[in-house]
Structure formats: C-alpha cells, structure tokens
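Shown next, in structure tokens, is the structure this report addresses.
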Amino acid sequence: MISAAVPAEVGLRFEVDGEIATVTLDRPDKRNAQTFATWSALARIGETLPEQVRVVVVRGEGPSFSAGIDLRMFTPEGVPGQGSFASAAALGDTEFEQRIAEAQKGFLWLRRPEIVSIAAVQGHAIGAGFQLALACDLRVVADDVKFCMKEPALGLVPDLTGTKPLTDIVGVPRAVEMCLTARTVGAAEAVRLGLAEIAVPVSELAQAVDDLAAALLSTDRAAAAATKRLLQAAPGRTLEEQAAAERAEQVARIRALVGGASAPN
Ligand code: ACO
C-alpha cells in the first residue's frame, strides 16, 4: 500500500494498493466540504497516478460523501490562503475562468479510458459533492444517499464538469427539473434514473465497491481501455462512424492477441 503525500490541511487522502487507488475526502467534521486546495490536490493525483492503477475509488469519510463547496467561499474572509468568491470576482475574466479551469482539472481525469472510476457515495452529495460523484464512471450508493445540485439555489451554475454527465445520464428535461428545483434525489430514484449502478445498505457500501472493483479488474487491461474508449465516444458518433471505430480498435486488439503480427501488404 502506497500513500501519496497530500498536505494534511487539504483533507484528502490518497492510497494505492496494487491496481486500485483510493481517494478519500477526509474532512468528516465539515462533511467533506471542498475547497480549491481539494481540487488542486485531485488534479495532482490525476497527473501523477501510478501507471499500474486500473480502478480509482472516490469516497468520503464520515456520514456524508461531500456537502459541496466550502461555504466560507461566500464570506468576505473566504477560505484562509485560498480567497473567496469576492476575491475571485475581482480577477479579470480570463484569469477567473482559468481559475475555474484549474478546479475542473481535478474532476476531468476521472474519465480517462485507462482507468475506471467508482464513486462510493453515502449520505449527502451536494453541489460539488454531486459533481464529484458524476465525474466518476460509476456510482455505488448507500441507501441513505441524498444527491442535490444546489448551485442554482445559491445563485451559481454547476461548473465542476457535472452538467455533461448529468444530462448524458438522465436527459435534459430531468436534469433541468432536478437542478432548477435543487431537490434531493434518493437512492431508489438514483438507481432508476441510472445515476447509480447499485444501492446497498450503508454497512455494505465498502464491500459492494470492493466487489465491483474486483469484477472490473477481471477483464483484460488493454481490451478494457479500448472498450471504454469506444463506449465513451459512441454517443457522439453515427452508427457508421462507430462501426469504423470498432474495426480500428479490433484490428489492434487481434494483432496484439496473436503477438503483434503485422498486416500483409
Ligand atoms: N462548507 C463548510 N462547512 C460545512 C459545509 C460546507 N459546505 N457543510 C457542512 N459544514 C460544516 C457545518 O458548518 C458544521 O460545522 P460545525 O460543526 O463547525 O458547526 C459541520 O460541517 C457539520 O454540519 P451539520 O450541518 O451540523 O451536519 P448535518 O449532518 O446536520 O447536515 C448537511 C449536513 C445537510 C450537508 C448540511 O451541513 C448542509 O446543508 N451543508 C451545506 C450544503 C451546501 O449548501 N453546500 C454548497 C452546495 S453548492 C456547491 O457545492 C458549488
């Protein structure tokens, strides 16, 4: 087991055990509220992820996965050393958007074809917490889960890459209804809408995630990455384009399987 160095004040743990990496939001006394430091640390983990890792589990310590952005950002004082919304608003547009882009980097790497990311979600997953769960490929939830896209209720938009996976999963009308009412989505509805793959009792969450990780690791590594590449690109392609992409991936796969035989000319 390797534990990478994330400064303690960030409230994030990172451990690697063979092919499985675990990112743990670890500020349970503040319901794993997230700051810019959280997102920078997440981005750094993505940049330095050991090559052997095939499954990344994102989980939260304590009763809630994450209560979203640290509400101190709304105060004039902000988060010590990280500023506030007021200080960010004083930046020029380009610099301000760059700051958001830096935060988004913490989320985007979780979709890489070479890995499968699993969010293990119990209790509240609000705002940035919901978006972090959405940034993962798969969601395993406890039966007490409470998803809520709270941003519009606070005068914001969801900007931590959550709007795309949300609409991909539930469709635009349901996403509009969910976000613009800022209502809570529980476990049964999450499973029904495809927001969660499975819901289990809280006490069984860790085991359910372990079982899923083990099942994901049972397939061939290169074939899994190639298949994920295909599946991810499918919604944006025509049937013919996708069929061509399948051919290209399969030619590479079969050549690799038979030992790299090159094509006859
Ligand atoms: N930012 C900073 N601190 C927080 C946050 C947060 N987002 N959420 C909870 N905390 C702190 C509380 O202030 C409290 O601290 P204290 O013990 O020092 O007083 C501690 O965490 C526990 O919070 P409680 O409210 O007592 O816990 P409870 O389990 O009853 O409720 C809940 C949890 C529902 C998540 C509630 O804390 C809450 O509504 N939090 C705010 C959610 C929110 O609006 N997030 C922003 C979404 S928008 C976005 O993420 C961009």
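The values are calculated or read from the model by the stated rules, or taken from the named source; none is laboratory data. The structure presented is a predicted model; accordingly, all values stated were derived computationally and were not measured. Cβ coordinates were reconstructed from backbone atoms using ideal geometry, including for glycine residues, and neighbour counts include every protein chain displayed. Only protein heavy atoms, including side chains, enter the accessible area calculation; ligands, DNA and RNA are left aside. Shrake-Rupley method; radii C 1.70, N 1.55, O 1.52, S 1.80 Å.
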> Among the residues of the range 157-176, which ones are under 16 Å from Phe107 (Cβ atoms) and either in contact with a Gly (Cβ under 8 Å, 6 or more places away or on another chain) or not hydroxyl-bearing (Ser, Thr, Tyr) (or both)?
Replying inline: Val157, Pro158, Asp159, Leu160, Gly162, Lys164, Pro165, Leu166, Asp168, Ile169
> For the range 163-182, which residues satisfy the criterion of being surrounded by 15 or more Cβ atoms within 10 Å (Cβ to Cβ), touching a residue at least 12 places away in the same chain (Cβ under 8 Å) and of a type outside the set (A, V, I, L, M)?
Replying inline: Thr163, Pro165, Arg174, Cys179
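Just one of Glu240, Glu249 is without any contact (Cβ under 8 Å) to a residue 12 or more places away in the chain, farther than 21 Å from Ser66 by Cβ and outside any strand (DSSP E or B); which is it?
Glu240
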> Cβ-Cβ below 8 Å, separation at least six or inter-chain, first residue in the range 209-223 and closer than 14 Å to Ala252 by Cβ, second open to solvent by 50 Å² or more (accessible area, probe 1.4 Å) and hydrophobic (A, V, I, L, M, F, W, C): which pairs?
Replying inline: Ala222/Ala256
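Where residues in the range 105-146 are of a type in the set (Gly, Ala, Ser) and touching a Cys at 6+ places or on another chain (Cβ under 6 Å), which of them is farthest from the ligand (Cβ to nearest atom)?
The residue in question is Ser117.
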>> Can you go through Asp144, Asp137 and tell me which one is open to solvent by less than 70 Å² (accessible area, probe 1.4 Å), among the charged types (D, E, K, R) and touching a Gly at 6+ places or on another chain (Cβ under 8 Å)?
In response: Asp144
> Within the range 54-98, which residues are surrounded by 18 or more Cβ atoms within 10 Å (Cβ to Cβ) and more than 16 Å from the ligand (Cβ to nearest atom)?
Replying inline: Arg54, Val55, Val56, Val57, Arg59
>> Would you confirm, using the coordinates I've provided, whether Gly127 is in contact with an Asp or Glu (Cβ under 7 Å, 6 or more places away or on another chain) and either loosely packed, with under 15 Cβ neighbours inside 10 Å or not β-branched (Val, Ile, Thr) (or both)?
In response: yes
> Any chance the range 28-37 includes a residue that's on the phi > 0 side of the Ramachandran plot and in contact with a His (Cβ under 7 Å, 6 or more places away or on another chain)?
Replying inline: yes
>> Being of a type in the set (A, V, I, L, M, F, W, C) and within 13 Å of the ligand (Cβ to nearest atom) is true for just one of Leu42, Leu25. Which residue is that?
In response: Leu25
>> Name the residue that is least open to solvent (accessible area, probe 1.4 Å), counting only residues in the range 183-215 that are of a type in the set (Asp, Glu) and within 20 Å of the chain's Cα centre (by Cα).
In response: Glu189
